[in-house]
Amino acid sequence: MTQPDVVVVGAGIVGACTAWELARRGALVTLLDRGPVSGGTTGLGEGNVLCGDKDAGPELDLAVAGMAVYAELEDVLGDVAQIRRKGSLVVHAEPRAWAGEPARVERLRAAGVEAELLDGAAARALEPELTAEILGATHVPGDLQCAPRAITRAMAALAQEAGATVRTGVGVDEVVVEAGRATGVRAGAERIDAGAVVLAAGAWSAPLARTAGLALPVVPRKGQLVRLSLPEPDECFLRKKVVEGSYLASVLSADAGLELSTVVETTADGHVLVGASRERAGFDATVSAELSGRLQERAARLVPALAGLRAADAWVGFRPWLPDHLPAIGASAAVPGLWVGTGHEGAGICLGPITGRVLAQALCGERPAAALEAFAPDRFA
């Protein structure tokens, strides 16, 4: 059997995009996952590709670079990606948060994001169902929604067409390290050798990193989503992605307890998706009906028409969270041959394709499309 150049562990959006970017550069790639492609967190998300929910810094810079990759994916995948360029509205009802929004908008613009500050009337004109009293909103027209599970499966298929090997049902137990260097992985009794190993296993990455001697404190941050049914499906019920202003603080909170903030949108099939909760509760997959009710009630404060809708479904996912709220992307300095792409928390769909690109570029000796210093995997040692 030919030894692959790279073994990628995890077939979520980061792993699948990394495999494709490597394969199309001529690398020999094996993509492994214990479950199906996009069988974990990727397939459970909302499909957010947003700059409007961020502030100046390395993550925003990476997201801006990632928007260009999504434009390419739209050309490559067409309707499969279900990309809807609806834009986002970050809505403010609290005076304190609203007072700081003009400065944040200026920082977004300085980073290359098209953004405009709207008063309450202008925001309601863009989003008629936003009938609650609000002070104003930030409109980011370039933000989009997509179908992350479909994109990930398509990227894995494209990687295969480019020569990659995709193996599902393979649970990796260990990163093999010899003479201080990562030289492959072990899955049960099978050893798979490689010149480099990429860990892209999301919230499940920490134990594998530990087998290689890398301290990577990524933990699951549980989130619950609720799907509400409209009496008649209507893809235009909400024209924009509506994000409560407190969402930004919730994402950056260090609190391990339950936090709620509203994000709401119309789905591609014409119903309504409501979130979001955050808590560090391990891999507890329990869905709470009481929490679904609280999420719906909170969302109805901004969009009152949601109050009477039926909750048709609810589910949870596990966002990969790191203590400094930045992903880990790039090569480990402590363990040569070990590369990491995880810790994106709720921005994994937005940052997955660009993460795959910069990892592949760096692995192949190219200059990455975004600076990686802030994302160094060894920064927690």
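The values are calculated or read from the model by the stated rules, or taken from the named source; none is laboratory data. Source: prediction; values computed, not measured. When we count neighbours, we look across all protein chains shown, and the Cβ atoms used for this are built from the backbone with ideal geometry, even at glycine. These area figures cover heavy atoms from the full protein model, side chains too; ligands, DNA and RNA do not enter into them. Shrake-Rupley method; radii C 1.70, N 1.55, O 1.52, S 1.80 Å.
Tabulated data for the structure shown
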quantity: Residues satisfying the stated conditions in segment 252-286, i.e. of a type in the set (A, V, I, L, M), within 17 Å of the chain's Cα centre (by Cα) and under 17 Å from Leu89 (Cα atoms); calculated: Val263, Val264, Leu273, Val274, Ala276
quantity: Pair list, Cβ < 8 Å and 6+ apart or interchain, from segment 184-212 residues that are over 14 Å from Pro320 (Cα atoms) to residues that are aromatic (Phe, Trp, Tyr); calculated: Ala196/Trp339; Val197/Trp339; Val198/Trp339
quantity: Any helices (runs of 4 or more DSSP H) falling wholly within segment 1-105 and containing at least 3 residues that are over 20 Å from Cys364 (Cβ atoms) and open to solvent by 20 Å² or more (accessible area, probe 1.4 Å); calculated: 58-77, 95-99
quantity: Pair list, Cβ under 9 Å, 6 or more apart: segment 122-133 residue closer than 17 Å to Thr266 by Cβ, other residue outside any helix (DSSP H, G or I) and among the aromatic types (Phe, Trp, Tyr); calculated: Glu129/Phe237
quantity: Conditions (1) more than 30 Å from Gly136 (Cβ to Cβ); (2) open to solvent by 20 Å² or more (accessible area, probe 1.4 Å); number of the one not met by Arg298; calculated: (1)
quantity: Which listed residue is touching a strand residue (DSSP E or B) at 6+ places or on another chain (Cβ under 9 Å) and closer than 21 Å to Leu359 by Cβ, from Leu22, Leu77; calculated: Leu22
quantity: Criterion: of a type in the set (Gly, Ala, Ser) and either part of a strand (DSSP E or B) or under 12 Å from the mean Cα position of the chain (by Cα) (or both) - qualifying residue of Gly348, Gly356; calculated: Gly348
quantity: Residue in segment 294-306 that is in a strand (DSSP E or B) and of a type in the set (Lys, Arg) present; calculated: no
quantity: Residue among Val316, Val335 that alone is surrounded by fewer than 24 Cβ atoms within 10 Å (Cβ to Cβ), in contact (Cβ under 8 Å) with a residue 60 or more places away in the chain, within 28 Å of Ser246 (Cα to Cα) and in contact with an Asp or Glu (Cβ under 9 Å, 6 or more places away or on another chain); calculated: Val316
quantity: Only one of Gly293, Gly308 that is within 23 Å of Val263 (Cβ to Cβ), modelled with pLDDT under 95 and not aliphatic (A, V, I, L, M); calculated: Gly308
quantity: Answer from Leu326, Leu306, Leu372 - the residue that is over 21 Å from the mean Cα position of the chain (by Cα) and in contact (Cβ under 8 Å) with a residue 40 or more places away in the chain; calculated: Leu306
quantity: Some residue of segment 37-56 being at positive phi, in contact with a Gly (Cβ under 8 Å, 6 or more places away or on another chain) and hydroxyl-bearing (Ser, Thr, Tyr); calculated: yes
quantity: Hits in segment 133-158 (condition: among the β-branched types (Val, Ile, Thr) and within 14 Å of Gly52 (Cα to Cα)); calculated: Thr138, Val140
quantity: Test: residue in segment 279-288 that is in a loop (DSSP other than H, G, I, E, B), open to solvent by 60 Å² or more (accessible area, probe 1.4 Å), within 20 Å of Thr131 (Cα to Cα) and aliphatic (A, V, I, L, M); calculated: no
quantity: Test: Ser253 is surrounded by fewer than 21 Cβ atoms within 10 Å (Cβ to Cβ) and more than 25 Å from Ser38 (Cβ to Cβ); calculated: yes
quantity: All positions within segment 261-270 that are open to solvent by less than 30 Å² (accessible area, probe 1.4 Å) and in contact with a strand residue (DSSP E or B) (Cβ under 9 Å, 6 or more places away or on another chain); calculated: Ser261, Thr262, Val263, Val264, Glu265, Thr266, Thr267
